[in-house]
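See structure below.
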Amino acid sequence: MISVRGLSRQYGDVRAVDDLTFDVPAGEVTGFLGPNGAGKSTTMRIVMGLDRPTAGTALIGGQRYVDLPEPLHHVGALLDAGAMHPGRTGRGHLRIGARTNGIPLRRVEEVIEQVGLGQAARRRIKGYSLGMRQRLGIAAALLGDPKALLFDEPVNGLDLDGVRWIRSLLRGFADEGRTVLVSSHLMSEMQLIADRIVVIGRGRLIAEAPVDEILRGLGGQRVRIRTPRIEDLQRALADRAAVERTAPGELEITGLGATEIGDLAHALGLPVHHLAEIEQSLEHAYLALTGESVDYHGRTPSYLNGAGR
Ligand SMILES: Nc1ncnc2c1ncn2[C@@H]1O[C@H](COP(=O)(O)OP(=O)(O)OP(=O)(O)O)[C@@H](O)[C@H]1O
């Protein structure tokens with residue numbers, strides 16, 4: 001379990017993290033989402049003791065990283081897979097990590113196997129593809145067989161095979177009861193990987209909820225219903241929910257669940273031809289959540305405005 005409480009980090013004029021509080025429970029994959037510059041990497045660096053907070057705490061199993069007796073047994077992180085000595089071999093890189101942390105060298109061979117580096121472990125890192133570097137970075141994070149794992153953008157730049165591998169790896173860690181925090185820009189990816197997500201913007205918490213709750217619109221659940229007696233239903237719903245006529249014979253309702261609406265139609269004797277909760281894509285929910293907090297909007301060419309939504 002990782003718990004972040006009232007965490008703030010100020011760099012000169014920039015408040016990179018601003019009074020942030022959230023939990024990363026064991027046994028689940030927690031996705032960490034936010035636009036560029038939202039403060040994700042800063043938060044992860046503070047958890048890993050690589051940066052100091054201006055205020056607040058980030059605890060791993062109740063302790064600060066710096067107070068952990070054998071930190072690599074508690075937490076492992078993939079923060080910057082580029083930060084490896086290019087002249088070393090993969091195995092050499094891992095051996096140094098093991099030696100400096102009192103981890104037996106046989107563990108190096110185990111993690112090489114686990115991440116599928118095999119033959120490549122003999123080669124110098126400068127010849128590694130991005131996917132191989134990610135595998136090596138993950139092997140390093142696993143050296144101490146830690147209970148908690150932090151991954152900063154692990155699927156960035158990976159091909160589909162690599163992405164699928166990371167996905168099953170993270171799921172496996174969570175299923176073993178480990179604590180997994182993974183940051184990403186790829187909302188569609190988070191929808192597949194994460195059980196719950198923490199969304200931040202400009203250093204502040206925007207949402208912390210199970211993925212399916214966010215998909216249902218964080219309480220602003222929408223339901224679509226079709227009935228040939230649309231006016232009767234619309235009248236009955238008018239006082240209870242926000243109702244929008246979206247097509248002839250079709251309503252979209254916000255603020256009531258499918259069960260309540262179905263029961264109401266039944267009580268009124270109205271025939272129902274279709275009734276479904278509308279699932280938002282995580283991307284859609286995320287854009288709705290973070291729209292206000294994006295610091296650097298890309299310019300959209302005018303011919304794309306309104307397209308593809
Ligand atoms: N060492 C530093 N010195 C000064 N400013 C910093 C430093 N590290 C981060 N920042 C600033 O803090 C803010 C948050 O940065 P951070 O890298 O944590 O965001 P992020 O959510 O990880 O972004 P990205 O998705 O682009 O990696 C940014 O405005 C960044 O410029």
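The table that follows gives values for the structure above.
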| read-out | value |
| --- | --- |
| Extreme residue, nearest to Leu79 (Cα to Cα), among residues of segment 134-183 that are open to solvent by less than 10 Å² (accessible area, probe 1.4 Å) and of a type in the set (Ser, Thr, Tyr) | Ser183 |
| Any hit, segment 17-34, residues being more than 16 Å from Thr179 (Cβ to Cβ), at pLDDT below 95 and either out of contact with any helix residue (DSSP H, G or I) (no Cβ under 7 Å at 6 or more places or on another chain) or away from the ligand (no atom under 11 Å from the Cβ) (or both) | no |
| Of residues in segment 9-32 being at negative phi, touching a Gly at 6+ places or on another chain (Cβ under 9 Å) and assigned to a strand (DSSP E or B), the one surrounded by the most Cβ atoms within 10 Å (Cβ to Cβ) | Val17 |
| Some residue of segment 45-55 being assigned to a strand (DSSP E or B), more than 22 Å from the chain's Cα centre (by Cα) and within 16 Å of the ligand (Cβ to nearest atom) | yes |
| Among the candidates Ala83, Ala38, residue that is small (Gly, Ala, Ser), within 23 Å of the chain's Cα centre (by Cα) and crowded, with 21+ Cβ neighbours inside 10 Å | Ala38 |
| Output for segment 123-156, where each listed residue is among the small types (Gly, Ala, Ser) and more than 25 Å from Ile46 (Cα to Cα) | Gly127, Ser129, Gly131 |
| Which numbered condition Leu215 misses (of (1) out of contact with any strand residue (DSSP E or B) (no Cβ under 6 Å at 6 or more places or on another chain); (2) in the same structural domain as Gly6 (by TED's automatic domain parsing)) | (2) |
| Residue in segment 184-196 that is free of Cβ contacts under 8 Å to residues at least 60 places away in the same chain, open to solvent by 50 Å² or more (accessible area, probe 1.4 Å) and touching a strand residue (DSSP E or B) at 6+ places or on another chain (Cβ under 7 Å) present | no |
| Residue satisfying condition, being without any contact (Cβ under 8 Å) to a residue 12 or more places away in the chain and open to solvent by 30 Å² or more (accessible area, probe 1.4 Å), within set Arg64, Arg99, Arg95, Arg91 | Arg99 |
| Residue within segment 258-275 that is within 30 Å of Glu208 (Cβ to Cβ), polar (S, T, N, Q) and at pLDDT below 90 present | no |
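This table checks each residue for (1) closer than 25 Å to Gly92 by Cβ; (2) outside the structural domain of Pro35 (by TED's automatic domain parsing); (3) touching a residue at least 60 places away in the same chain (Cβ under 8 Å); (4) basic (Lys, Arg).
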position: Gln119; (1), (2), (3), (4): yes, no, no, no
position: Arg124; (1), (2), (3), (4): yes, no, no, yes
position: Lys147; (1), (2), (3), (4): no, no, yes, yes
position: Ser168; (1), (2), (3), (4): no, no, no, no
position: Ile200; (1), (2), (3), (4): no, no, yes, no
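The rows are residues; the columns are (1) open to solvent by 30 Å² or more (accessible area, probe 1.4 Å); (2) in a loop (DSSP other than H, G, I, E, B).
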{"site": "Val199", "(1), (2)": "no, no"}
{"site": "Leu205", "(1), (2)": "yes, no"}
{"site": "Ala209", "(1), (2)": "no, no"}
{"site": "Ile214", "(1), (2)": "no, no"}
{"site": "Ile225", "(1), (2)": "no, no"}
{"site": "Pro228", "(1), (2)": "yes, yes"}
{"site": "Glu231", "(1), (2)": "yes, no"}
{"site": "Arg235", "(1), (2)": "yes, no"}
{"site": "Arg245", "(1), (2)": "yes, no"}
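The values are calculated or read from the model by the stated rules, or taken from the named source; none is laboratory data. Note that the structure is predicted; figures quoted are calculated from it, not measured. Counting neighbours? That spans all protein chains shown, and the Cβs are built from the backbone with ideal geometry, glycine included. To get the accessible areas, we keep the full protein, side chains included, count just its heavy atoms, and leave off ligands, DNA and RNA. Shrake-Rupley method; radii C 1.70, N 1.55, O 1.52, S 1.80 Å.
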